[in-house]
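Engineer: Mind looking over this structure? Questions follow.
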């Protein structure tokens, strides 16, 4: 397996992980200033862990204002009120507490409060002109990795799929990942966020190798990375071993810790390398079906990897994923197939549908989904195989019908 010969890491200046690590929040926030805008999921603001955390910050002398008008899937128009709230309050630092939508909302509110809208000015890569408000991110789900990544995603009615703002300036100043916050997550949230984290790890590890243009502005995502290979495989090990336990035993503290660590490592990895075809196809699928992001990426990943087996170098990397997920097969080809089987089995165990048909996609929609997916040029470019629209359509047709590996495979 060819190793990446170059790499770039862009991360928060501080990353704290572990039960009780939220006690570091006062110290970390004071590095940004005294006035704290806490952006949080609405249901979270009434929970004891959140109210106790805010009370402790106030006892430590910080002025905390809470903004809670966060909507699922983050419609772009919903950010206007957040921008107005931030401009009136004039925070020194933003504290983001919640799932992916809350963390992404906090990133974009900080951006809009600093430079103004409309947000569409910043769609794509490297459009943010400079530093935004410092941000301390506290995830309450184990999945998005947004606490360490340079991207935020919104739903825009002017587009047929989600759109992203990608810039190193969106990377939080600090991340505090305390698994205690994830203990109350419902089964579905745990499952779909967790499988999305596994997709992040696998797509990061199997991304194409890109040669960075050292004499120019670097792209936000740079493909297979000398720093991240080990991190991505380690993330896959944690998630492959513990996600099912966390879903089945929501109070299992060890499982919650392992999945949170796996998600964090996957975020560190894909925040540098990028993701590819499962994400490119999920964006239009999610817009059509209104299903959770992780459900779509998790459903698609086995079919994407199956298509990637056609490339020898990609198959070798998929085999390494198979080993990380527990395959002991002697040959690389069988380990690669074991990787696909293991992911499909994990999907079944945690309730991820096996086919696009099951989530309401119709066969006549597949060509349009393939066309829209091909427009996610950054994601398609990082894929380990050439992925013209015809290839994307082939993946979708397999995912629609449930054709995975040969019929004779167990």
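Engineer: If you take the residues of region 38-52 that are touching a helix residue (DSSP H, G or I) at 6+ places or on another chain (Cβ under 8 Å) and in contact (Cβ under 8 Å) with a residue 60 or more places away in the chain, which of them is farthest from residue 119 (Cα to Cα)?
Structural biologist: 49
Listed here are the residues, each with its yes/no results for (1) assigned by TED's automatic domain parsing to the domain that holds residue 234; (2) surrounded by 15 or more Cβ atoms within 10 Å (Cβ to Cβ); (3) in contact with a helix residue (DSSP H, G or I) (Cβ under 6 Å, 6 or more places away or on another chain).
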{"site": "321", "(1), (2), (3)": "yes, yes, yes"}
{"site": "341", "(1), (2), (3)": "yes, yes, no"}
{"site": "349", "(1), (2), (3)": "yes, no, yes"}
{"site": "362", "(1), (2), (3)": "yes, no, no"}
{"site": "376", "(1), (2), (3)": "yes, yes, yes"}
{"site": "390", "(1), (2), (3)": "yes, no, no"}
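Engineer: So which of 212, 219 ends up being assigned by TED's automatic domain parsing to the domain that holds residue 281, assigned to a loop (DSSP other than H, G, I, E, B) and surrounded by fewer than 18 Cβ atoms within 10 Å (Cβ to Cβ)?
Structural biologist: None of the other options fit; the residue is 212.
Engineer: Test of understanding: among 31, 11, which residue is outside the structural domain of residue 336 (by TED's automatic domain parsing), in contact (Cβ under 8 Å) with a residue 40 or more places away in the chain and closer than 24 Å to residue 101 by Cβ?
Structural biologist: 11
Engineer: I would also like to ask the following. Select, from 63, 69, 104, the only residue that is loosely packed, with under 15 Cβ neighbours inside 10 Å, touching a strand residue (DSSP E or B) at 6+ places or on another chain (Cβ under 8 Å) and free of Cβ contacts under 8 Å to residues at least 60 places away in the same chain.
Structural biologist: 63
Engineer: Just one of 261, 239 is surrounded by fewer than 24 Cβ atoms within 10 Å (Cβ to Cβ) and either in contact with a strand residue (DSSP E or B) (Cβ under 6 Å, 6 or more places away or on another chain) or under 28 Å from residue 49 (Cβ atoms) (or both); which is it?
Structural biologist: 261
Engineer: Can you work out which of the residues in region 162-186 that are out of contact with any strand residue (DSSP E or B) (no Cβ under 9 Å at 6 or more places or on another chain) and in a loop (DSSP other than H, G, I, E, B) is surrounded by the fewest Cβ atoms within 10 Å (Cβ to Cβ)?
Structural biologist: Selected residue: 186.
The values are calculated or read from the model by the stated rules, or taken from the named source; none is laboratory data. Because the structure is predicted, anything quoted here is derived from the model rather than measured. Glycine also receives a Cβ, built like all others from the backbone with ideal geometry; neighbour counts cover every protein chain displayed.
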